[in-house]
Amino acid sequence: MQYPIPRQQAGEHPHADNDASLSDELAAVVTGARRRAVRDGDRQVDTAHLLHSLLEHDPEARAVFDSEPQLARLLGYLVQRSIGYGLRWQSAVEDSGAIPVATGVPGHSPLAATAMAYAGERAARRGDGRARGLDLLAGIVVDPRSRAVEVLERAGVEAPELFLRIEHGSQECVGGAEAGS
C-alpha cells in the first residue's frame, strides 16, 4: 500500500519539520491533522484538517467562537467533510493563489504550509519562540479561499470576524500581561 503522506521513518521525530517553532500542544494538533489526512485518504494535510484537529485539541481556539451551537455546527461540517463532504478535494492540491505560498513543509498543501509559516511569524511578532493554537487559527483564516474558510462559511462563521476576535483576544492577553507586570 502506498501512503498519501510520507511515512515517518524509524527513530524520526514526528515534528522534525517544525519542531522548534511549535508549542507541544500545536505539535499534537499537526500530528492529529496528519493522521486525519491519511485516514481520509487525502494526499496532503490541508487547512480543513488543521482546523478540525485544532478544534479537537485546543480549548483556547474553541473559545474564540461566538457560541456552543456555532462550534457544534462547525464540528458537524468538519465531520461530514471527513466522511465524504470533501471527496471533491481529494485529487486537488489546496492552493488559492491569493497569497504567496510557503514551501518546505512535506505532506502539507501549499495553503496549510503558509498557515503554519504565518503561525510561526505571528508567534515571533508576539515575542514567543513557539507558535500556539491561536497563531495557527489566525493563519488558517487569513486566506479567504482556503478549504477551512469554506467550511467555516458553511457553518455560518465569518472568517474576517473570527480573525478580528483572535487578534483582539491576543492584544488583551498582551495588555493584561503588561498591566500585571
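Details
- Whichever residue in the range 106-143 is within 18 Å of GLU56 (Cα to Cα) and β-branched (Val, Ile, Thr) and, among such residues, is surrounded by the most Cβ atoms within 10 Å (Cβ to Cβ): ILE140
- Among the residues here, VAL30 does not qualify as more than 17 Å from ALA159 (Cβ to Cβ) and at pLDDT below 85.
- GLY11 being at pLDDT 85 or above and surrounded by fewer than 20 Cβ atoms within 10 Å (Cβ to Cβ): no
- Of the residues making up the range 81-130, those that are touching a helix residue (DSSP H, G or I) at 6+ places or on another chain (Cβ under 9 Å), modelled with pLDDT of 60 or more and in a helix (DSSP H, G or I) number 17.
- Only one of the numbered conditions (1) assigned to a helix (DSSP H, G or I); (2) among the aliphatic types (A, V, I, L, M); (3) modelled with pLDDT under 95 is violated by VAL157, and that is (1).
- Test set (1) modelled with pLDDT of 90 or more; (2) more than 20 Å from ARG145 (Cα to Cα) - SER53 fails condition number: (2)
The values are calculated or read from the model by the stated rules, or taken from the named source; none is laboratory data. The model shown is predicted, which means the values in this text are computed figures rather than measured ones. All Cβ positions, even for glycine, are placed from backbone atoms using ideal geometry, and neighbour counts span all protein chains on display.
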